[in-house]
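Beneath this line is the structure, given in structure tokens, with notes to follow.
The values are calculated or read from the model by the stated rules, or taken from the named source; none is laboratory data. Worth saying up front: this structure is predicted, and the values here are computed from it rather than measured. When we count neighbours, we look across all protein chains shown, and the Cβ atoms used for this are built from the backbone with ideal geometry, even at glycine. The accessibility values were calculated without ligands, DNA or RNA, using every heavy atom of the protein model including side chains. Shrake-Rupley method; radii C 1.70, N 1.55, O 1.52, S 1.80 Å.
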Amino acid sequence: MLNRTFVKKTSALLSLMLVIAMMVPVLAFAATGFSGLTYKNGSVTGSVYSDVYADDSVGNAVYVNVYSPDGKFLTTTKAVYNNVYENGKGWYYNIPTQTIYGYTSLTVNTTVYKQGVVSVGDSVYSTVSNTSTGGGSRPGGGGGGGGIISTGNTISVSSDGSVDAGTLTNALANNDTVTLNLSGDLALLPASALVDAVKAGKKIVLVNSNGTLTLPLSVLKLDDLAKTLGVEVKDMKIKVSIAKVTGATAEAVKAAATAVGSTQIADAVDFNVVAVDNGSKTAAVDFGKTYVSRSINVSKSVDSKKVTGVVYNETTKKLSFVPSTFATEDGKTTATLKRNGSSIYTVVESNKSFTDVASHWSKADVELLANKLVVDGATDTTFQPDRNITRAEFAALVVRSLGLSSATATSNFTDVKSDAWYASTVATAAKAGIIDGYEDKTFRPDAQITREELAAMVIRAMNYANISTNVSDPQSVLSKFKDSNKIVWAQKEIAAAINAGLINGMTDDTIGSASQATRAQSATMLKRFLSVANFIN
């Protein structure tokens, strides 16, 4: 029931309008309607008319609001005055195309504003299908504003990061990938809009001037995150930020690049994904083993063999390798970095060489991995390619190749002391399933690694990166090697490594599984692994 005060004010307003109408006929009581309204292929088009005098104050204030069949507001747009008048109807305004996917029918109405005051109390509703037009009218009030969907799978996000839950739900329901164009540095995704999309394994791509993040929604353990925050899923948001690093931190990143003999060639960008409640509490999103892609613009054309994406560790103030590929289009170079964690990222360029690989068969692979900060020289000028490599040393290289964050040193192995240089590396590799110990619970970090162990670690690294290594018949792969019967335990892993092109025989018919591996062989196998995994190009 209408409030009496409201009725009195409305009556007074109508009386005033009638008086004005008698004095100035062209300002007769406003009526609105639609002409040629259609909803086809997801697009609402047509015209809206009003017999309100078409001066600037009204011509800029005719709005069209769109609702879903259940009455949920979807979007609004401002109609465009086109200077056409038809007797008995009024002035015509074109309705700009609005793309609304996911419905077979919509409700469309108009609200005419004059000088900030609602001057027309009637709204016209037109419900149309994908193939037909229709119209009708009934009394009602106009709707409010909201985010505008520019295409079926793209949503524009304002600078405050707010995202309408209904708009996001609708977009995800009808697209495997939805793009959010950010006006600022962040987006606040209502967790309630993500529940079904998480189960369906859909993606959201977030884009702004600083970079791009492709977020596979399957990494979001919404129930666990809500429990951590002490809220229900419906009261939680996923905050995604892509922010350029400035100030002291930016200077520290630049210094870290210089410290490893490299030059920074892209802005440092902080990519961060957390769950937030309605207050100030946050919970970090754990990506698990899922490699999440983010892109950064590079300031120059590059040789992909001499550049790499890197992650900046704010605790150690050091840079380390991130799986990354580079592409140039229309004169602009973009780096795509892949890693299973939030942090600060940038791109560096190096030009490393070693005197003792100048004529060595491994020169190209060693220098490439040195430029990518995967391998180090034995000294500033030498690599020692033919020196054997220990189990701990190779574990460290595999951990770097995967771009893994260091785990806290633990005492899983009786011969790995917590203060050893490799303690954290061994703990990280063990946590990732890259290494196993011996039956006596030792790791034997200083033992020289065999080709059999080398192949096994790299295949496990591929499995960690979710790259299939299955070989249905290992013996058929190994049968051409006359010494395959000397493989002690890693028949499947060596067969998989040969099948993937990661390892070759010592000769055409010998595999040399028990031979000790060299630093050059290790570098070459890692380079092949990174190429197969599309972690470098």
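Just a few scattered comments:
- Hits in the stretch 496-523 - residues which are among the small types (Gly, Ala, Ser), over 35 Å from the mean Cα position of the chain (by Cα) and either assigned to a loop (DSSP other than H, G, I, E, B) or over 30 Å from Leu373 (Cβ atoms) (or both): Gly505, Gly512, Ser513, Ala514, Ser515, Ala517
- Flag for Ser280 being among the hydroxyl-bearing types (Ser, Thr, Tyr) and crowded, with 18+ Cβ neighbours inside 10 Å: no
- Subset of the stretch 402-414 (residues that are in contact with a helix residue (DSSP H, G or I) (Cβ under 8 Å, 6 or more places away or on another chain) and open to solvent by 50 Å² or more (accessible area, probe 1.4 Å)): Ser405, Ser406, Thr408, Thr410, Asn412
- Residues of the stretch 352-371 satisfying the condition of being open to solvent by 70 Å² or more (accessible area, probe 1.4 Å) and within 23 Å of Asn537 (Cβ to Cβ): Ser353, Trp361, Lys363, Ala364
Quick grid of which residues meet (1) in contact with a Leu (Cβ under 9 Å, 6 or more places away or on another chain); (2) open to solvent by 30 Å² or more (accessible area, probe 1.4 Å); (3) more than 17 Å from Leu225 (Cβ to Cβ); (4) among the small types (Gly, Ala, Ser):
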site	(1), (2), (3), (4)
Ser162	yes, yes, yes, yes
Gly166	yes, no, yes, yes
Leu172	yes, no, yes, no
Asn175	no, yes, yes, no
Leu182	yes, no, yes, no
Asp185	no, yes, yes, no
Pro190	yes, no, no, no
Leu194	yes, no, no, no
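- Lys417 passes every criterion in (1) closer than 28 Å to Ile344 by Cβ; (2) open to solvent by 60 Å² or more (accessible area, probe 1.4 Å); (3) of a type in the set (Lys, Arg) apart from (1).
- Residue in the stretch 198-209 that is crowded, with 22+ Cβ neighbours inside 10 Å, out of contact with any Leu (no Cβ under 9 Å at 6 or more places or on another chain) and over 30 Å from Ser350 (Cα atoms) present: no
- Given (1) outside any strand (DSSP E or B); (2) more than 30 Å from Asp235 (Cβ to Cβ); (3) among the β-branched types (Val, Ile, Thr); (4) touching a strand residue (DSSP E or B) at 6+ places or on another chain (Cβ under 9 Å), number of the condition Val347 does not satisfy: (1)
- Of the numbered criteria (1) acidic (Asp, Glu); (2) farther than 25 Å from Thr315 by Cα; (3) assigned to a loop (DSSP other than H, G, I, E, B), the one Asp224 fails is (3).
- Taking the stretch 297-328 as the range and being assigned to a loop (DSSP other than H, G, I, E, B) and either within 17 Å of Val240 (Cβ to Cβ) or open to solvent by less than 20 Å² (accessible area, probe 1.4 Å) (or both) as the test, only Pro323 passes.
- Pair list, Cβ < 8 Å and 6+ apart or interchain, from the stretch 395-420 residues that are at positive phi to residues that are of a type in the set (D, E, K, R): Gly403/Lys338; Gly403/Arg339
- Yes/no for Leu526 being at negative phi and assigned to a helix (DSSP H, G or I): yes
- Number of the condition not met by Arg138 [criteria: (1) modelled with pLDDT under 70; (2) part of a strand (DSSP E or B); (3) surrounded by 14 or more Cβ atoms within 10 Å (Cβ to Cβ)]: (3)
- Candidate set: the stretch 458-487, residues that are buried (at least 16 other Cβ atoms within 10 Å of the Cβ) and farther than 18 Å from Lys289 by Cβ; chosen: the one nearest to the chain's Cα centre (by Cα): Val471
- Residue check, Leu217 at pLDDT below 95 and within 16 Å of the chain's Cα centre (by Cα): no
- Subset tally (residues that are of a type in the set (S, T, N, Q) and under 23 Å from Thr507 (Cβ atoms)) for the stretch 440-479: 5
- Thr290 being closer than 19 Å to Leu337 by Cα, in contact with a helix residue (DSSP H, G or I) (Cβ under 6 Å, 6 or more places away or on another chain) and open to solvent by 40 Å² or more (accessible area, probe 1.4 Å): yes
- Residue in the stretch 362-381 that is farther than 30 Å from Val285 by Cβ and in contact with a strand residue (DSSP E or B) (Cβ under 6 Å, 6 or more places away or on another chain) present: no
- Filtering Thr214, Thr258, Thr249, Thr263 for residues that are open to solvent by 20 Å² or more (accessible area, probe 1.4 Å) and under 30 Å from Gly166 (Cα atoms) leaves a single hit, Thr214.
- Taking the criterion of being without any contact (Cβ under 8 Å) to a residue 40 or more places away in the chain and among the charged types (D, E, K, R), the residues of the stretch 153-188 that qualify are Asp160, Asp164, Asp176.
- When Ala455, Ala430, Ala490, Ala495 are screened for being in contact (Cβ under 8 Å) with a residue 40 or more places away in the chain, at negative phi and open to solvent by less than 80 Å² (accessible area, probe 1.4 Å), only Ala455 passes.
- Answer residue from the stretch 378-397, given it is among the charged types (D, E, K, R) and out of contact with any Pro (no Cβ under 8 Å at 6 or more places or on another chain) and is farthest from Gly433 (Cα to Cα) among those: Asp380
- Any hit, the stretch 433-452, residues being within 29 Å of the chain's Cα centre (by Cα), in a helix (DSSP H, G or I) and surrounded by 15 or more Cβ atoms within 10 Å (Cβ to Cβ): no
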